[in-house]
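So the structure is just underneath, and the comments pick up after that.
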Amino acid sequence: MTRFDRQQARQIAVRAQLLDAWRPDSLVATVDHLTLLQIDPTAAIAPNVDLVAWSRLGAAYSPSDLRFALETERALVEHSSYVRPMEDVGLVLATLPRDLHPSIHEWLGANEGFRADVLARLEAEGPQTAAEVPDTCQVPWASSGWNNDKNVNRLLEMLTLTGAIAVCGRRGRLRTYDLAERVYPAELEVPSYDDARDELDRRRLASLGIARSRSKGNGGEEIGAGGSGEAVTIDGIDGDWRVDADALAASEEAFEGRCALLSPFDRLVYDRNRAQDLFDFEYVLEMYKPAATRRWGYFALPILYADRLVGKLDAKADRKAGVLRVHAVHEDFPWAPEIGDAVEAEVQALADWLGLEVTRG
């Protein structure tokens, strides 16, 4: 069995996430390799999809590139909480409906009339936002409170998950929905559940480089390797670890790192246990904590330098004032001068990309 020290494992993880010195050529190629970008509305700096894309592509990336890829080129698609390659939709539709909780299927079955009304409206009138769709449900959606009385939103989400409809664009911040056959390619293939699950595991591990066989993310999303890849051990870390074959081959090449500012939802740090094990990096997203109890800040950005996660940037984009306010830069250990210089340069690069001036305090 192949054995790595932690530095080797970190370098595999960084390179697989396109965070070494090499930069990808395009947004579509980036998302195709990463397999997904998580959609999150928090924009203390920039929306997550844009921040993750910028951290890979740099100043060459513009948010307009994402809209073009989604709505004009249709190389990418919004599906549930993620932007995914259009080519992966068949894999998701082969697995996700079967993995949904039985109560969701029960609710859909109890609202056949509601479902038929929505599909008929989309067929007759074309793309609709949730606000434009009448609520004709037979059995209201019930939850702990967050989604109570949001029957239309829930139905549109469930019909997207099961493949009857699809997100076709946005009007401002609002998603528009249409029949799936008008959005997804006619040649879309939906494989068997087992084949799709294996391929999703393979693609996920390729994007992570190295991961535990089984691991769940904060929202229950699978972020482990499944049965894909090759079993490996990492010095000083317990667990069933797997490495992607291409990542293993690439690890023979010399590693060249860089500095990067990461979203809290970035897949390099999303698995907090993996980040702790490989990088000795402790991190909690503190936006839901009272201000007085925060250690690093409301939306602190993890800081990568070469193959180490070295600290957190507490900053906020104040677009009205035209400034990127840097409240604090937290060093996880005393930095060598070259780390500090690289971080300062990356903060300036972030401000330039946002079209803002850097201010302290």
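The values are calculated or read from the model by the stated rules, or taken from the named source; none is laboratory data. Computed from a prediction, not measured in an experiment: that's the story for all the values here. Using ideal geometry, Cβ is built from the backbone for each residue, glycine included, and neighbour counts are taken over all protein chains shown. To get the accessible areas, we keep the full protein, side chains included, count just its heavy atoms, and leave off ligands, DNA and RNA. Shrake-Rupley method; radii C 1.70, N 1.55, O 1.52, S 1.80 Å.
Within the range 1-15, residues that are within 18 Å of residue 223 (Cβ to Cβ) reach no partner that is part of a helix (DSSP H, G or I) and open to solvent by 60 Å² or more (accessible area, probe 1.4 Å) with beta carbons closer than 7 Å at six or more positions or on different chains.
Every test in (1) in a loop (DSSP other than H, G, I, E, B); (2) within 15 Å of the chain's Cα centre (by Cα) is passed by residue 45 save one, and that test is (2).
Does residue 119 satisfy the criteria of being touching a helix residue (DSSP H, G or I) at 6+ places or on another chain (Cβ under 6 Å), open to solvent by 20 Å² or more (accessible area, probe 1.4 Å), in a helix (DSSP H, G or I) and more than 30 Å from residue 298 (Cα to Cα)? No. Which of the residues belonging to the range 249-267 are open to solvent by less than 20 Å² (accessible area, probe 1.4 Å) and part of a loop (DSSP other than H, G, I, E, B)? Listed by number, the residues that qualify are 262, 263, 264, 266. Across the range 92-112, the qualifying residues are those that are of a type in the set (Gly, Ala, Ser) and surrounded by fewer than 19 Cβ atoms within 10 Å (Cβ to Cβ), and the one among them that is nearest to residue 32 (Cα to Cα) is 103.
Whether a residue is touching a Lys or Arg at 6+ places or on another chain (Cβ under 8 Å) and surrounded by 21 or more Cβ atoms within 10 Å (Cβ to Cβ) was assessed, and residue 279 passes this test. Looking at 119, 93, 66 in this structure, which one is in contact with an Asp or Glu (Cβ under 8 Å, 6 or more places away or on another chain), at pLDDT 95 or above and under 20 Å from residue 176 (Cβ atoms)? Result: 66 is the single residue among 119, 93, 66 that is in contact with an Asp or Glu (Cβ under 8 Å, 6 or more places away or on another chain), at pLDDT 95 or above and under 20 Å from residue 176 (Cβ atoms).
Taking the criterion of being assigned to a loop (DSSP other than H, G, I, E, B), aliphatic (A, V, I, L, M) and touching a residue at least 40 places away in the same chain (Cβ under 8 Å), the only residue of the range 289-315 that qualifies is 306.
For the range 211-223, a residue qualifies if it is part of a loop (DSSP other than H, G, I, E, B) and either at negative phi or surrounded by 13 or more Cβ atoms within 10 Å (Cβ to Cβ) (or both), and the qualifying residues are 213, 214, 215, 217, 218, 219, 221, 223. Only a single item in (1) of a type outside the set (A, V, I, L, M, F, W, C); (2) at pLDDT below 95; (3) over 19 Å from residue 207 (Cα atoms); (4) open to solvent by less than 50 Å² (accessible area, probe 1.4 Å) is not met by residue 226, and it is number (3).
Among the residues of the range 340-361, those that are surrounded by fewer than 18 Cβ atoms within 10 Å (Cβ to Cβ), part of a helix (DSSP H, G or I) and not aliphatic (A, V, I, L, M) comprise 340, 341, 344, 348, 352.
Within the set 238, 246, 201, the sole residue that is open to solvent by 30 Å² or more (accessible area, probe 1.4 Å), assigned to a helix (DSSP H, G or I) and among the acidic types (Asp, Glu) turns out to be 246. Taken over the range 62-91, residues that are touching a residue at least 60 places away in the same chain (Cβ under 8 Å) and open to solvent by less than 30 Å² (accessible area, probe 1.4 Å) amount to 10.
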